Amino acid sequence: MTTYRDRADAGRVLSDRLTALVGEPDVVVLGLVRGGVPVARVVAERLGAPLDVLVVRKLGMPWAREVAFGALGPGGVQVLNDVLASRLSSDDIAEVNHREQAELERRERLYRGGRAPLDLTGRTAVIVDDGLATGATARAAVEVARHLGAHRVVVAVPVGAQEAYELLAAEADQVICAQHPPDFGAVSVYYDDFHEVSDQEVTEALTATA
């Protein structure tokens with residue numbers, strides 16, 4: 001098992017797997033908010049590509065929010081894990097949806113600022129996160145990117161669960177995963193520093209690469 005010092009270190013390792021995209025026209029790197037943004041910032045810098053953010057909210061089980069039964073994205077995109085979602089009542093699902101939709105809209109307003117809505121028409125979207133656990137958030141991100149007109153969708157992560165990797169491989173055009181160990185555990189165990197990324201870190205990353 002390889003551990004990363006922090007998300008920037010993971011971004012450096014990941015960018016070494018993405019050198020085929022250097023110089024390709026119309027590439028845009030999309031950091032999944034919030035943990036994927038520090039990784040994506042390094043990837044974008046090394047690829048010489050623009051950085052933007054993709055706001056996707058995980059739908060967590062009411063008694064274990066870290067376990068996702070689905071995810072939401074802009075434009076009304078929703079992805080559900082049918083097995084987990086079937087364990088919840090319609091009221092439970094509606095309550096979680098309502099809460100996460102409100103947070104998604106708040107973050108969209110905050111991070112987009114006065115910028116135009118994200119438009120990926122004809123572009124290669126490189127979706128970057130700090131890791132894949134269930135893959136629900138990344139699956140929603142792939143759907144959002146296609147909905148926004150992306151010509152090609154690449155998912156790039158420093159580490160991921162084998163099952164999530166296989167799920168994404170069936171939906172994205174390409175999945176780059178630096179490591180996908182069979183006994184995955186949790187994303188956090190692969191980082192020495194896995195602090196919660198703040199809104200300020202996200203906005204600073206966008207400003208620095210603008």
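The values are calculated or read from the model by the stated rules, or taken from the named source; none is laboratory data. Keep in mind it's a predicted model, so treat the numbers as computed, not measured. Please note: Cβ atoms are built from the backbone with ideal geometry, for glycine as well, and neighbour counts cover all protein chains shown. Areas reflect the complete protein model, heavy atoms only, side chains present, ligands, DNA and RNA absent. Shrake-Rupley method; radii C 1.70, N 1.55, O 1.52, S 1.80 Å.
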- Can you name the residue in segment 1-26 that is open to solvent by less than 50 Å² (accessible area, probe 1.4 Å) and among the hydroxyl-bearing types (Ser, Thr, Tyr) and is also nearest to ALA138 (Cα to Cα) among such residues? SER15
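Given ALA169, ALA161, which one is surrounded by 20 or more Cβ atoms within 10 Å (Cβ to Cβ) and either under 26 Å from ALA20 (Cβ atoms) or in contact with a Cys (Cβ under 6 Å, 6 or more places away or on another chain) (or both)?
Details: ALA169 fails: surrounded by 20 or more Cβ atoms within 10 Å (Cβ to Cβ).
Only one candidate passes the filter, namely ALA161.
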- Within segment 101-116, identify whether any single residue is more than 9 Å from the chain's Cα centre (by Cα), at pLDDT 90 or above and within 17 Å of ALA49 (Cα to Cα), and answer yes or no. no
- How many residues of segment 82-124 are over 20 Å from GLY135 (Cβ atoms) and part of a helix (DSSP H, G or I)? The answer is 18
- Query: Name the pairs: first residue in segment 182-201 and within 19 Å of VAL53 (Cα to Cα), second residue aliphatic (A, V, I, L, M) and open to solvent by less than 60 Å² (accessible area, probe 1.4 Å), Cβ to Cβ under 8 Å, at least 6 apart or on different chains?
  - Reply: VAL197/VAL37; GLU201/VAL37
- Options VAL79, VAL37, VAL53, VAL29: the member that is of a type outside the set (Lys, Arg), in a helix (DSSP H, G or I) and open to solvent by less than 50 Å² (accessible area, probe 1.4 Å): VAL37
- If you go through segment 111-126, how many residues are under 15 Å from VAL28 (Cα atoms), among the hydroxyl-bearing types (Ser, Thr, Tyr) and in contact with a helix residue (DSSP H, G or I) (Cβ under 8 Å, 6 or more places away or on another chain)? 1
- Across (1) open to solvent by 70 Å² or more (accessible area, probe 1.4 Å); (2) out of contact with any Asp or Glu (no Cβ under 9 Å at 6 or more places or on another chain); (3) within 23 Å of GLU24 (Cβ to Cβ), HIS151 clears everything bar (2)
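Of all residues being hydrophobic (A, V, I, L, M, F, W, C) and within 11 Å of PRO74 (Cβ to Cβ) in segment 103-132, which is least open to solvent (accessible area, probe 1.4 Å)? Just the residue, please. Walk me through it before giving the result.
Initially, segment 103-132 is screened for residues hydrophobic (A, V, I, L, M, F, W, C), giving 104, 110, 116, 118, 120, 125-128, 132.
So of that shortlist, the ones also within 11 Å of PRO74 (Cβ to Cβ) come out as 104, 118.
Details: LEU104: 5, LEU118: 30 Å².
Among those residues, the one meeting the criterion is LEU104.
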- Message: Can you report the number of residues in segment 133-148 which are closer than 25 Å to GLY23 by Cβ and either open to solvent by 60 Å² or more (accessible area, probe 1.4 Å) or hydroxyl-bearing (Ser, Thr, Tyr) (or both)?
- Response: 1
- Query: Is there any pair with a first residue in segment 70-87 that is farther than 19 Å from ARG109 by Cβ and a second that is open to solvent by 70 Å² or more (accessible area, probe 1.4 Å) and β-branched (Val, Ile, Thr) whose Cβ atoms are under 8 Å apart and which are 6 or more apart or on different chains, and what are they?
  - Reply: none
- Within segment 172-205, residues buried (at least 20 other Cβ atoms within 10 Å of the Cβ) and more than 16 Å from the chain's Cα centre (by Cα) come out as PHE184, TYR190, TYR191
- Query: Regarding VAL175, is this residue closer than 22 Å to MET1 by Cα and in contact with a Gly (Cβ under 7 Å, 6 or more places away or on another chain)?
  - Reply: no
